[in-house]
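The values are calculated or read from the model by the stated rules, or taken from the named source; none is laboratory data. Note that the structure is predicted; figures quoted are calculated from it, not measured. Cβ: placed from backbone, ideal geometry, glycine included. Neighbour counts: every protein chain shown.
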Amino acid sequence: MDSKWLEDFLSLSRHGNFSLAARERCVTQPAFSRRVKALEETLGAPLFDRTTTPVTLTRYGERFEPYARQVVSALKEAQHELSCMLPQTDNTIVMVSLHTLSINVLPDMINYLHRTYPEARFTVNACMQGIDNHFNALLNRQIDLLITYDLLQAQPSLETAEQLKRTVWRYERFIPVMAAHLMPLVDDEHSPIPWLRYSDYTFVQQIIAPAEKQVAARLKPVFESGLSESIREMVLRGMGLAWLPESTIAEQLASGELVQLWPDNASRQREIAIVIWCQRQESRPILSLCWEKLSRKSHG
């Protein structure tokens with residue numbers, strides 16, 4: 001049984017509404033409903049009466065609620081106690097980011113911090129799945145810094161946000177590019193443009209979707225991936241058009257290997273902030289120093 005299911009149960013019990021509870025838990029409503037159902041199947045009893053508005057606890061749910069509260073409370077107490085046992089001299093900074101940001105943004109950020117604090121050590125984990133898991137790990141002090149795009153879908157609940165602080169690292173611009181030798185396809189208004197698209201579930205796709213819609217009638221999908229480096233590699237191999245972070249292809253644009261399409265049309269470009277999240281009450285000196293430096297850069 002996943003402990004997150006217990007917190008889901010308590011959230012739904014508190015709100016009586018799947019949509020509100022899912023928002024609090026930083027997860028989509030379908031995913032939230034599946035987790036509640038999984039808990040019910042594990043326990044072998046229906047915990048909620050879904051025929052009422054608001055949703056109410058069944059007699060099984062009422063019986064289970066105090067146990068759920070006790071387990072969640074005990075886990076939080078244990079996490080707090082263990083976090084207090086961590087040595088204050090530990091100079092390791094644990095960072096988690098979206099996969100795309102781990103390629104080009106995290107190396108710059110780590111280098112920026114390391115130049116001032118060479119004693120700091122950095123651990124990066126870009127594999128943790130689900131933005132709600134990211135924020136939970138931050139609250140539980142499993143990680144120190146979370147780097148993500150400033151998307152509505154990548155925000156913590158209000159309750160979680162009260163325990164965190166954030167700063168902007170910089171802005172990223174996604175621009176439509178393709179290999180120079182494919183440009184005649186763009187000039188011919190009747191020719192479809194081979195399109196390398198991001199999978200729908202990715203944050204990058206949510207960022208660039210409004211720009212893609214501007215030219216959707218001309219786009220012919222030839223490749224799809226959830227990994228930005230795969231999309232970038234296919235662009236470099238001359239497979240078609242894609243929206244890429246400008247910072248990852250600056251060299252290729254300068255050399256003429258790649259060409260930006262519609263450079264004078266701002267609506268076909270997308271700019272978004274890259275934000276850093278941290279515990280509001282960070283306790284280790286090295287983390288406090290790193291956060292202060294990151295914040296100064298943001299406001300400098």
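Observations
- Residue ID - farthest from the chain's Cα centre (by Cα), chosen from residues in segment 100-135 that are surrounded by fewer than 16 Cβ atoms within 10 Å (Cβ to Cβ), modelled with pLDDT under 90 and not aliphatic (A, V, I, L, M): N125
- Odd one out for S288 among (1) assigned to a helix (DSSP H, G or I); (2) modelled with pLDDT of 95 or more: (2)
- Selection count where residues are surrounded by fewer than 16 Cβ atoms within 10 Å (Cβ to Cβ) and of a type in the set (S, T, N, Q), scope segment 168-210: 2
Yes/no matrix, rows are residues, columns are (1) surrounded by 19 or more Cβ atoms within 10 Å (Cβ to Cβ); (2) out of contact with any helix residue (DSSP H, G or I) (no Cβ under 8 Å at 6 or more places or on another chain); (3) more than 16 Å from V215 (Cβ to Cβ); (4) basic (K, R):
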residue: I231; (1), (2), (3), (4): yes, yes, yes, no
residue: G238; (1), (2), (3), (4): no, no, yes, no
residue: P245; (1), (2), (3), (4): yes, no, yes, no
residue: Q252; (1), (2), (3), (4): no, no, yes, no
residue: W262; (1), (2), (3), (4): no, no, no, no
residue: A273; (1), (2), (3), (4): no, yes, yes, no
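- Condition check for L82: of a type outside the set (S, T, N, Q) and buried (at least 19 other Cβ atoms within 10 Å of the Cβ): no
- The listed residue being assigned to a helix (DSSP H, G or I), of a type in the set (V, I, T) and not assigned by TED's automatic domain parsing to the domain that holds P285, out of T51, T100, T42: T42
- I231 falls short on exactly one of the conditions (1) part of a helix (DSSP H, G or I); (2) over 17 Å from the mean Cα position of the chain (by Cα); (3) assigned by TED's automatic domain parsing to the domain that holds Y112, and that condition is (3).
- Residue check, F174 at pLDDT 95 or above and under 27 Å from R23 (Cβ atoms): yes
- Hits in segment 141-167 - residues which are crowded, with 18+ Cβ neighbours inside 10 Å, at pLDDT below 90 and charged (D, E, K, R): R141
- Test: residue in segment 103-113 that is part of a helix (DSSP H, G or I), touching a residue at least 60 places away in the same chain (Cβ under 8 Å), polar (S, T, N, Q) and under 23 Å from Q269 (Cα atoms): yes
- Flag if L138 is more than 19 Å from A31 (Cβ to Cβ), surrounded by fewer than 16 Cβ atoms within 10 Å (Cβ to Cβ) and among the aliphatic types (A, V, I, L, M): no
- Filter result (surrounded by fewer than 19 Cβ atoms within 10 Å (Cβ to Cβ) and under 21 Å from the mean Cα position of the chain (by Cα)) within segment 211-228: E224, S225, G226, L227
- Figure legend. Inter-residue proximity from segment 220-239: first residues within 19 Å of E257 (Cα to Cα) and at pLDDT 95 or above, second residues of a type in the set (D, E) and surrounded by 15 or more Cβ atoms within 10 Å (Cβ to Cβ), beta-carbon distance below 8 Å, spacing 6+ or different chains. Indicated pairs: L236/E257.
- Count of segment 5-40 residues, restricted to those that are in contact (Cβ under 8 Å) with a residue 60 or more places away in the chain, within 23 Å of T202 (Cβ to Cβ), touching a helix residue (DSSP H, G or I) at 6+ places or on another chain (Cβ under 7 Å) and surrounded by fewer than 20 Cβ atoms within 10 Å (Cβ to Cβ), is 0.
- Close pairs from segment 153-173: first more than 20 Å from E282 (Cβ to Cβ), partner in a loop (DSSP other than H, G, I, E, B) and modelled with pLDDT of 90 or more, Cβ under 9 Å, at least 6 apart: R173/Q269
- Total residues in segment 199-220, condition within 19 Å of D188 (Cβ to Cβ) and out of contact with any helix residue (DSSP H, G or I) (no Cβ under 6 Å at 6 or more places or on another chain): 6
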